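Novice: Quick one: structure below, then a few questions.
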């Protein structure tokens, strides 16, 4: 996974440098996006005889493609990778569970103001697929959600820097243990930074 991320990042960087002399934006934008969640991935309720410890991995990353339309509109698709981890500590023996998720947010963006600094709003839907073995806490490998966000598109030469805050409300939980002692969070907020051209 690290090799794929590094290769993608280098590819975007090389293409961005090659396109640096262009004055106007291309109708197609490509780049990478990474960020950190603002809240925990899990809601944990402590109660015997079962006890959980959850770990929110503080990163998400992946490529994106954007189609820039007239009047400041655009459509963007991300492919964001993240991991989840939790541990059941009671009853013994201790059981660790790692899982990987790919999220595919598809949003419509509206940029405001002319010039190199353009605030924008976005809204759309997301699909999330969880790669995990069958475990007691598994509720739904696949889920859909609503995406809302806003940020700024800062254009420096041909490179676009797009810091943003994004909220995703999922329709169902990936994890929901018996007795609801461990649940994945359905309301997720994140700060993201995109770098592309």
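Novice: Pairs needed: first member in the range 16-39, more than 18 Å from residue 162 (Cβ to Cβ); second member anywhere, modelled with pLDDT of 95 or more and in a loop (DSSP other than H, G, I, E, B); C-beta distance under 8 Å; at least 6 residues apart or different chains.
Specialist: Between residues of the range 16-39 that are more than 18 Å from residue 162 (Cβ to Cβ) and residues that are modelled with pLDDT of 95 or more and in a loop (DSSP other than H, G, I, E, B), there is no close pair.
Novice: Okay, next question. Can you name every one of the strands (runs of 3 or more DSSP E) wholly within the range 119-197 that holds 2 or more residues which are modelled with pLDDT under 80 and surrounded by 15 or more Cβ atoms within 10 Å (Cβ to Cβ)?
Specialist: Here the list reads 182-184.
Novice: Please find, among 66, 85, the residue that is at pLDDT 95 or above, within 22 Å of residue 192 (Cα to Cα), assigned to a strand (DSSP E or B) and touching a strand residue (DSSP E or B) at 6+ places or on another chain (Cβ under 6 Å).
Specialist: Being at pLDDT 95 or above, within 22 Å of residue 192 (Cα to Cα), assigned to a strand (DSSP E or B) and touching a strand residue (DSSP E or B) at 6+ places or on another chain (Cβ under 6 Å) holds for just one of 66, 85, which is 66.
Novice: Let me ask another. Against the condition modelled with pLDDT under 70, touching a strand residue (DSSP E or B) at 6+ places or on another chain (Cβ under 8 Å) and surrounded by 15 or more Cβ atoms within 10 Å (Cβ to Cβ), how does residue 96 come out, does it pass?
Specialist: no
Novice: Right, another one. For residue 143, state whether it is within 17 Å of residue 100 (Cα to Cα) and in contact with a helix residue (DSSP H, G or I) (Cβ under 9 Å, 6 or more places away or on another chain).
Specialist: For residue 143, the condition - within 17 Å of residue 100 (Cα to Cα) and in contact with a helix residue (DSSP H, G or I) (Cβ under 9 Å, 6 or more places away or on another chain) - is not met.
The values are calculated or read from the model by the stated rules, or taken from the named source; none is laboratory data. None of the values given here were measured: they were computed from a predicted structure. When we count neighbours, we look across all protein chains shown, and the Cβ atoms used for this are built from the backbone with ideal geometry, even at glycine.
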